[in-house]
Amino acid sequence: MKFKSFLSTFVVVMFAIAIVFVPAPAFAALTPINTDLQNGELTVLATESKDLPGFSNNLKYPVTVKISAEGMWRGAKAGEPNGDAVDANATSNVKYEAWLFPELKLGTLVAEIKNAKGVRKFIKSGKEQSFELQPGDTVSFIFNDGLPFFSDNSGSQKLTAVPAVKRYNKI
């Protein structure tokens, strides 16, 4: 009888240790928004200004996310002003106060991070990004342009997201 009691106590203790020390799968931390986030990849269209793709952190732990982007997109038709194809770093030097993010160039890939109440915390930009999402935070991605100008854009960026869950063990 003592062996059964010891064994059941041992199993309970081992289970508790596993819960505390085994990290959650990283992609379990990212809940897709307006995308299916297949294998950590999502597509950002240069024409999309409303239902922006992104994800949220629904864990109770912070998640560090590294983003890399591949692709080319345009802020206008080829041959027109602002019609040069650029990558997510927006090699064009065009800035305009009517852009969503006027401090950034036309065509820059922008990650907008908001807290659980929907209040903007900060933005990141470019084809290589790294940021931390606190529990309840969301991130959405957009082509930097002015709202009335998205219809003449073309192209997309394929984003790869690599999350890492930060677990804080309380002892």
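Within a Cβ distance under 12 Å of residue 104, other residues only, what is the Lys/Arg minus Asp/Glu net charge?
Numbers: positive: 95, 105, 124; negative: 97, 103, 112, 145.
Value of the local net charge: -1.
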- Taking θ as phi - 60°, what are the ³J(HN,Hα) couplings along segment 72-85 by the Karplus curve (6.51, -1.76, 1.60), each to the nearest whole Hz, with x for Gly and Pro? 10, 8, 10, x, 6, 5, 4, x, 8, x, 6, x, 6, 6
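Report the FRET efficiency, 1/(1 + (r/R0)^6), for residue 166 and residue 101, where r is their Cβ-Cβ distance and R0 is 35 Å, rounded to 0.05. Mind showing how you got there, number by number?
Numbers: r = 28 Å, r/R0 = 0.79.
In this case the efficiency is close to 0.80.
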- Item | Cut-off under 5 Å, modelled amide H: who pairs with residue 72 long-range | 156
- Along segment 107-116, Karplus-curve 3J(HN,Hα) (6.51, -1.76, 1.60; θ = phi - 60°) to the nearest Hz, with x for Gly and Pro, reads x, 5, 6, 10, 9, 9, 9, 10, 7, 4
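Kindly put 165, 139, 94 in sequence by how many other C-beta atoms sit within 10 Å of each C-beta, fewest to most. Intermediate results must be reported in sequence, preceding the final value.
Numbers: 165 18, 139 25, 94 15.
Final ranking by Cβ density, sparse to dense: 94, 165, 139.
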- Message: So if I take the centroid of the Cα atoms in segment 75-110 and the same for segment 120-140, what is the distance between those two points in Å?
- Response: 20
- segment 71-148: trypsin sites (Lys or Arg not before Pro) falling in loop per DSSP and having at most 14 other Cβ within 10 Å: 77, 117
- Message: 5 Å is the cut-off here: which amide hydrogens, built 1.01 Å from N in the peptide plane, fall below it relative to residue 153, excluding neighbours closer than 5 in sequence?
- Response: none
- What's the exposure ranking of 119, 65, going from fewest to most Cβ atoms within 10 Å? 119, 65
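Loop-only check: which GluC sites (Glu not before Pro) in segment 71-117 are DSSP coil with at most 14 other Cβ within 10 angstrom? Present the calculation step by step, with values, prior to reporting the outcome.
On the way: sites: 97, 103, 112; in loops: 97, 103.
The qualifying sites are 97, 103.
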- Note on the structure: Spelling it out for residue 35: with amide H atoms placed in the peptide plane at 1.01 Å from N, the residues 5 or more places away or on another chain with amide H under 5 Å from its amide H are 54
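A short reminder: the numbers here are calculations on the coordinates, not readings from a lab. Quick caveat, the model's predicted, so the values are computed rather than measured. Heads up, the Cβs are rebuilt from the backbone with ideal geometry, glycines too, and the neighbour counts pull from every protein chain shown.
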